[in-house]
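Worksheet: the structure to be examined is printed underneath.
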Amino acid sequence: MMVSLPLTAKLFIAMALGAIIGIERGIHQREYIQGDVNQPATFGNLGGLRTYTLIALFGALTGLMNLYSSPVYGYILAAAFFLLLSFYYIVDSFLKKATGLTSEFAAVLVFLMGFMVVTEIIPIQITVALNILICVILSYKEQIEKWTFSIKRNELEAFLGFAIISLVVLPFLPKRAFYLAEMPWLISLLNFFHISLNSASLTQVEIFNPFKLWLIVVLVVGLEILIYILSKIFGQKKGLVITSFISGFISSTFFIRSLAYKSKQDADLDYMIAAAMFANFTSFIYFAILVGTLNGYWLTYILPFILVIWVTSLAMGLIFWYLSTKNKECISLEAARSYREEPLLIWPLMKFAFILMAVKVITRLCFIIFGYQGFIWSSLLSSFIGMDANVMNLAEMAGSIITFKEALFVLLIINSANLLVKVFYALRAGNKKFALKLLESTTVVIVFSFVGYLLL
C-alpha cells in the first residue's frame with residue numbers, strides 16, 4: 001500500500017498531471033494553427049500548459065476545502081468551476097462556431113484528478129495511470145477516429161456477443177460438476193441397450209460442468225477474436241511467414257485446403273508445402289496455449305513431445321522453402337481473408353460448445369463402458385472433426401481420470417490422424433503432386449512424434 005504523501009507533494013503532483021494534459025493540448029493547438037492536422041473549422045481552444053495546470057490546482061484546492069473546512073465550500077468551488085467552463089463553452093461556440101467538447105472534457109477530468117490526488121479517494125498511482133491514459137487518448141485522436149471508421153457493424157456485434165458470453169452468461173452458470181449418476185435418462189438409455197454400469201465408475205468420472213465448459217468456449221473465442229484482429233492488421237500483406245502464422249492459429253486444415261486449390265494453378269509446390277508446414281507449426285503453438293491454460297502440469301510433461309513436433313514441422317517447412325525457386329516472387333497467401341471475412345459470431349460459438357460437450361460426453365462414456373481402449377477409439381474418431389475439442393478434453397482429464405502418459409498417447413494418435421486428414425483433403429481438392437509432397441513432410445512429422453513419445 002502506498003504511504004500517504006505530504007500535502008505539498010500532493011499539490012505538486014496535481015499540478016504536474018494538469019501540466020501534462022496542458023502540454024498535449026498546446027501541441028495540438030500549435031499543429032492546428034500550422035496546418036499539420038486535419039481539423040474541422042469548428043475547432044476551439046481552451047488553453048495550454050498554464051490553463052490546465054491552474055485547473056488541476058483549482059481542483060486540488062477544492063479537495064482541501066472538502067478535507068479541512070466545510071464541504072459546502074468545496075461544493076461552491078466545484079460549482080463555480082463548472083459554471084465558468086460552461087459559460088466559456090457557450091461563448092466560444094457562439095463566436096468561433098466551435099462545437100467540439102474534447103478540451104472541455106479534458107478540463108473537467110484534470111479538475112477531478114487534482115481533487116482526487118489531494119483527497120486520495122482512490123490511490124494516487126491509479127490517478128496518475130488515468131492521467132497517462134487520458135493523454136494517450138488525446139494524442140492519438142486521428143488514429144482512433146480512423147480505427148473507429150474501419151470497424152464494421154458485424155465486427156461490433158461479434159465483440160458485443162463475446163462480452164455477453166464472458167461477462168453476462170459465464171458468471172451465472174453453475175460451478176459444480178454433473179456425473180452420469182445424476183442423469184437418469186441417460187442411464188435408462190444405456191440400460192435399454194443392455195449396458196450395465198457400476199456405481200463406482202459413475203461417481204468417479206465428471207461428465208459435465210457448465211461453468212468449466214463455457215469458460216473453455218470463452219477462452220477459445222477470445223483467442224479467435226484476437227487472431228482475427230491480427231489478421232485484419234497483417235492479412236492484407238503478402239508473405240509466407242505472417243500469413244501462415246495467422247492461418248495456423250485460426251485453422252491449419254482450412255488453410256491447407258486453400259493451398260490445395262491454389263496448387264492446381266501454380267507450379268511452385270515446394271513453396272506451398274513450406275506454407276502448410278509453417279501453419280502446422282503454429283497450430284501446435286495454439287494447442288500449447290489451450291493446454292497451458294487448462295492444465296499447466298500436463299503441458300510441462302508433454303512439452304518435449306510438442307518441441308519435437310515444432311522442430312520437425314519447422315525444419316520441413318524450411319527445407320521445402322529452400323527447395324522452392326529462389327528468385328521467384330513470393331506468392332500472395334492471404335489466407336486470413338480467404339476464409340474469415342467476419343469474426344466469430346454467436347451460432348459458430350454455440351456449435352463449438354455443442355461439439356465440445358459431445359466430445360466430452362462420448363469419450364468419457366466410452367471410457368466408463370469400454371475402458372481406456374474405448375476412450376482412444378472415440379477420441380480418434382472425433383479428431384476427424386477437429387483437434388481443439390479433443391485437446392481441451394485431454395487437458396482436463398490428464399492427471400485426474402487418466403495418467404499423463406496415457407493422455408500423451410491419445411494426443412499422439414489424434415494428432416497423427418488429423419495430419420493425415422489434411423493430406424486427404426489436399427488429395428481431393430488439389431494437385432496430386434502437392435498431396436504427395438504434403439504426405440512426405442507429414443510422414444516425417446508423424447514418425448518423429450512417435451520417436452519422441454518412445455523417448456519419453
How far is it, in nm, from the label point at R176 to the one at F87 when both lie 7 Å from their Cα along the line to the Cβ?
-> 6.5
Given a Förster radius of 45 Å and the C-beta distance between A9 and F211 as r, what FRET efficiency does 1/(1 + (r/R0)^6) yield to the nearest 0.05?
-> 0.45
Of K146/K422; K10/K146; K360/K422; K146/K264; K146/K262, which pairs sit farther than 31 Å apart, going by alpha carbon to alpha carbon?
-> K146/K422; K10/K146; K146/K264; K146/K262
Residues M316, M272, sorted so that the one with the fewest Cβ neighbours within 10 Å comes first | M316, M272
Among 130-139, 55-64, 18-27, 210-219, the order from most to least packed when residues are scored by Cβ within 10 Å on average | 55-64, 18-27, 210-219, 130-139
Modelled label-to-label distance, N191 and M357, 7 Å Cα→beta-carbon offset: nm?
-> 2.4
Check F208: other-chain or 5+ apart residues with amide H under 5 Å from its amide H, H built from backbone geometry?
-> F178
For K432 and L219, calculate 0.36 nm times their separation in residues minus their Cα-Cα distance, and state this gained length in nm to one decimal.
-> 72.9 nm
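No value in this document is a laboratory result; all are computed from the given coordinates. This structure is a prediction, so every number in the text was calculated from the model and none was measured. Reconstructed Cβ throughout: ideal geometry from the backbone, glycine too, with neighbour counts over all protein chains shown.
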